[in-house]
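A.B. asks: Let me begin by handing over the structure; questions about it come next.
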Amino acid sequence: MKKKWCCWLLLLVISFAQNNEGYFFKSTINNFYTDIENIVESHFGPWDIFTNFSARSSQTLGGIDEQTGEITTITKWENVVANTRVDDKVEPNHDIQLMNGTSFTSLWNADGSLISQTPNDERSKEMMESLDDNSIQAMFDTGNLFYAINGGDTIRHIGDMWVHQTEAVVDNFPGFDGFEGTKEEKVTYTFKEIKEKRGNKIAYIDMQMEIMLVGVGSTWEKTVEFTQNFSGGGKMQFNIDKGIFKKCKMNWTAVGQGRDLEDDSVRKYSINMSIITKQKLR
């Protein structure tokens, strides 16, 4: 009887292991586009500022070097629409709309790590300089061409939870002419389930993010000690067979303050942000 029970238990374990299939979250390098909808709500002192942004970002494979394995991709922004409302006054955001028609060439190592990004014309160069590393596109870039999800290069099973943590020196931040500080980031992923839709396996992944930014910046002839806590999360649907995000929906909140180092006065602000993205192969 004991022998039969052990055999039955062994078969059960083997069956469970076979059903609990593992997956990599590997991104395609084939041509695809990303549709983005972004809403930012900012509160700074007596002002309430709302920014709406929508655009399409397309990525095209430029080529693969047979000797080095280096990969070239071209990213182009189109259908860019942006409006800003301050209190009750609504105006087009011409600075952001300058993204429309810009394009950039990216060079990647054979392992998918980024080597360089180059604007393809003068307008694109001006746009890259004005946005720097804080562009909307950077919010969806893990820095690796092959794995759009941090930790996607490791086999994952349904129910897995993993954490990606980074610390970095920051030498720029929007609104400051000069900035020096540090950024600590922690992202927690939870692999919830797999569903099959139209013959494709869709992975459902929850994400929670926390970012602490601390630094000193200069602006308006003032030196400010700056802190910002950024937190939030969302739900991602990743098409494992096609290597694209079927849909992502994220919501974040940032709370920060700046302390004038001359008169010790403090100004606080808060930001609420929501982003929806969808990708399709071209």
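Readers should treat all values here as calculations from the given coordinates under stated rules, not as data from a laboratory. Here the structure is a predicted model, which means the values were calculated and not measured. We place every Cβ from the backbone using ideal geometry, glycine too, and count neighbours over all the protein chains shown.
A.B. asks: As a footprinting exposure proxy, order Ser130, Ser106 by other Cβ within 10 Å, with the fewest listed first.
C.D. replies: Lowest to highest Cβ neighbour count: Ser130, Ser106.
A.B. asks: Taking only Cα atoms, what is the 0 to 90° angle, nearest 10, from helix 2-19's long axis to the longest principal axis of the chain?
C.D. replies: Taking the Cα atoms of the chain, the angle to 2-19 is about 40 degrees.
A.B. asks: Are there any GluC sites (Glu not before Pro) in the stretch 64-134 that are in a DSSP loop and have at most 14 other Cβ atoms within 10 Å? List them by number. Display every interim value, and only then the final one.
C.D. replies: Numbers: sites: Glu66, Glu70, Glu78, Glu122, Glu126, Glu129; in loops: Glu66, Glu70.
Qualifying residues, ordered by number: Glu66, Glu70.
A.B. asks: Here is a follow-up. With label points built 7 Å along Cα→Cβ from the Cα atoms of Thr253 and Asp35, find their separation and express it in nm.
C.D. replies: Result: 3.0 nm between the two label points.
A.B. asks: Something else now. Using the Karplus curve 6.51 cos²θ - 1.76 cosθ + 1.60 with θ = phi - 60°, what ³J(HN,Hα) values do you get for each residue of the stretch 78-86, in whole Hz, with x for Gly and Pro?
C.D. replies: Listing the rounded values in order: 8, 6, 7, 10, 8, 10, 10, 10, 10 Hz.
A.B. asks: Hey, another quick one. Connecting C-alpha atoms closer than 10 Å in a GNM of the chain, tell me which of Glu91, Glu41, Glu180 has the biggest fluctuation.
C.D. replies: Sorting by GNM fluctuation, first place goes to Glu91.
A.B. asks: Sticking with this one: Can you pull out the GluC sites (Glu not before Pro) in the stretch 193-282 that DSSP calls coil and that have at most 11 other Cβ atoms within 10 Å?
C.D. replies: Glu221, Glu262
A.B. asks: Suppose every Lys and Arg Cβ carries +1 and every Asp and Glu Cβ carries -1, with no other charges. What dipole size does the chain come out with about its Cα centre, to the nearest 20 debye?
C.D. replies: 2380
A.B. asks: Then there's this: List the aspartates and glutamates whose Cα lies under 18 Å from the Cα of Lys89, skipping any in the same chain that are fewer than 8 positions away.
C.D. replies: Glu41, Asp48
A.B. asks: If each residue's Cβ is checked for other Cβ atoms within 10 Å, how do Val216, Val224 rank with the fewest at the top?
C.D. replies: Fewest to most other Cβ atoms nearby, the residues stand as Val216, Val224.
A.B. asks: What are the extents of the Cα atoms of the stretch 136-259 along their three principal axes, listed from largest to smallest and rounded to whole Å?
C.D. replies: Result, largest extent first: 59, 23, 23 Å.
A.B. asks: At 7 Å along the Cα-to-beta-carbon direction for both Glu184 and Arg198, put a label point, then send me their distance in nm to one decimal.
C.D. replies: Once both label points are built, they end up 4.4 nm from each other.
A.B. asks: Right, another one. How do Ile275, Ile74 rank when sorted from fewest to most other Cβ atoms within 10 Å of their own Cβ?
C.D. replies: Ile74, Ile275
A.B. asks: How many angstrom lie between the Cα centre of the stretch 187-205 and the Cα centre of the stretch 106-120?
C.D. replies: The distance from the Cα centre of the stretch 187-205 to that of the stretch 106-120 comes to 28 Å.
A.B. asks: Asp171 to His157: extension gain in nm, 0.36 nm per residue of separation minus the Cα-Cα distance?
C.D. replies: Roughly 1.2 nm would be gained on extension.
A.B. asks: Using the reciprocal of the averaged 1/r over all distinct C-alpha pairs, how large is the Kirkwood radius of the chain in Å?
C.D. replies: 21.4
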